[in-house]
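Q: First, the structure itself, so that you have it in front of you.
The values are calculated or read from the model by the stated rules, or taken from the named source; none is laboratory data. The shown structure was predicted, so the numbers you read here are calculated from the model rather than taken from an experiment. Methodologically, a virtual Cβ is constructed for each residue, glycine included, from the backbone with ideal geometry; neighbour enumeration extends over all protein chains shown.
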Ligand code: CU
Ligand code: CU
């Protein structure tokens with residue numbers, strides 16, 4: 001059992017070791033394989049086929065398993081490393097230590113959003129972006145979108161999602177009308193005046209690569225999803241009598257038949273069900 005720490009509490013040496021392990025995965029090509037997996041399963045609900053990772057109930061368990069795979073690869077390089085989490089309700093400006101030179105580096109420059117500082121800048125020579133044809137070959141960010149400002153989610157906005165006692169609701173997609181914890185936290189369900197909330201808004205706030213299917217090209221992806229994973233715990237603790245929905249396989253007559261996964265159906269690309277990922281007890285724990 002290991003611990004996932006709040007990134008703001010990491011020591012200089014812990015940051016260094018996390019970055020070193022990530023760079024080593026990049027060097028071997030394994031990192032880009034992870035980016036490819038995310039891209040392959042990034043399927044919006046206006047397309048046909050199974051939605052396993054996004055715009056669907058298995059958003060939480062799919063990303064939990066995805067992070068576990070990534071973390072396992074990191075820990076093979078350095079067993080002292082785990083994926084820290086970024087609480088974006090409190091470390092909520094580009095001045096936060098997360099974006100410092102000694103950790104993830106800062107925003108992109110104004111002209112083309114190219115990240116110029118830190119270990120993942122193109123100039124470091126260690127971070128060529130190879131997956132994602134429509135995006136730049138260098139890591140790009142546009143923190144806070146200065147020309148069209150957007151804020152990170154507030155505590156109240158997060159609480160609004162956690163307070164919903166229902167895990168998810170038919171039609172189990174991105175439609176805003178129905179609510180449900182998953183849709184409110186993934187961030188499609190939003191008041192009319194807002195396009196994004198919570199998880200989605202964070203991707204938009206970071207900008208650049210984080211806005212698309214190849215979002216894991218930006219290492220902040222892992223810290224963001226580590227916090228999203230922690231929030232699933234928080235929702236479970238708030239609603240011990242609620243659980244993953246849909247519980248049973250959808251019937252053939254359902255328009256979402258074959259498009260979303262119920263509790264006991266295996267999630268590709270792994271042969272693991274949401275039910276098997278409801279808890280991470282005995283594997284890792286979150287430090288407050
Ligand atoms: Cu994702
Ligand atoms: Cu995401």
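Q: Need the failing condition index for residue 215 against (1) at pLDDT below 95; (2) within 14 Å of ligand 1 (Cβ to nearest atom), just the number.
A: (1)
Q: Would you mind finding the one in 67, 104 that is part of a loop (DSSP other than H, G, I, E, B), under 17 Å from the mean Cα position of the chain (by Cα) and touching a residue at least 40 places away in the same chain (Cβ under 8 Å)? Steps first, answer last, please.
A: Values: 67 fails: part of a loop (DSSP other than H, G, I, E, B).
Result of the check over 67, 104: 104.
Q: Test each condition in (1) away from ligand 1 (no atom under 16 Å from the Cβ); (2) closer than 24 Å to residue 70 by Cβ for residue 184 and report the one that comes out false.
A: Among (1) away from ligand 1 (no atom under 16 Å from the Cβ); (2) closer than 24 Å to residue 70 by Cβ, the lone unmet condition for residue 184 is (2).
Q: Are any residues in region 194-209 within 11 Å of ligand 2 (Cβ to nearest atom), under 19 Å from residue 183 (Cα atoms) and in contact (Cβ under 8 Å) with a residue 40 or more places away in the chain, and if so, which ones?
A: First, the residues of region 194-209 that are within 11 Å of ligand 2 (Cβ to nearest atom): 198-204, 206.
From what's left, under 19 Å from residue 183 (Cα atoms): 198-204.
Hits for region 194-209 are 198, 201, 202, 204.
Q: Still on this structure, please answer the following. Just to check your reading of the model, which residue among 61, 44 is within 23 Å of residue 189 (Cβ to Cβ) and either more than 16 Å from ligand 1 (Cβ to nearest atom) or surrounded by fewer than 15 Cβ atoms within 10 Å (Cβ to Cβ) (or both)?
A: 44
Q: Ok, one more. Being more than 29 Å from residue 159 (Cα to Cα) and surrounded by fewer than 16 Cβ atoms within 10 Å (Cβ to Cβ) is the filter here, so list the residues in region 227-267 that pass it.
A: 249, 251, 252, 253, 254, 255, 257, 258, 266, listed by residue number.
Q: Quick test for you: out of 206, 228, 220, pick the one residue that is farther than 21 Å from residue 41 by Cα and within 16 Å of ligand 1 (Cβ to nearest atom). Outline the logic, then answer.
A: Numbers: 228 fails: farther than 21 Å from residue 41 by Cα; 220 fails: farther than 21 Å from residue 41 by Cα.
Only one candidate qualifies: 206.
Q: Follow-up question, since we're still on this one. Conditions first: (1) away from ligand 2 (no atom under 16 Å from the Cβ); (2) at pLDDT 95 or above; (3) surrounded by 15 or more Cβ atoms within 10 Å (Cβ to Cβ). Residue 170 passes all but one, so which condition is the exception?
A: (2)
Q: Give me a count of the residues in region 70-101 that are away from ligand 1 (no atom under 16 Å from the Cβ) and in a helix (DSSP H, G or I).
A: To start, the set of residues in region 70-101 that are away from ligand 1 (no atom under 16 Å from the Cβ) comprises 72-82, 84, 87, 89-101.
Checking the rest, the ones that are also in a helix (DSSP H, G or I) come to 72-77, 97-99.
Total meeting the criteria: 9.
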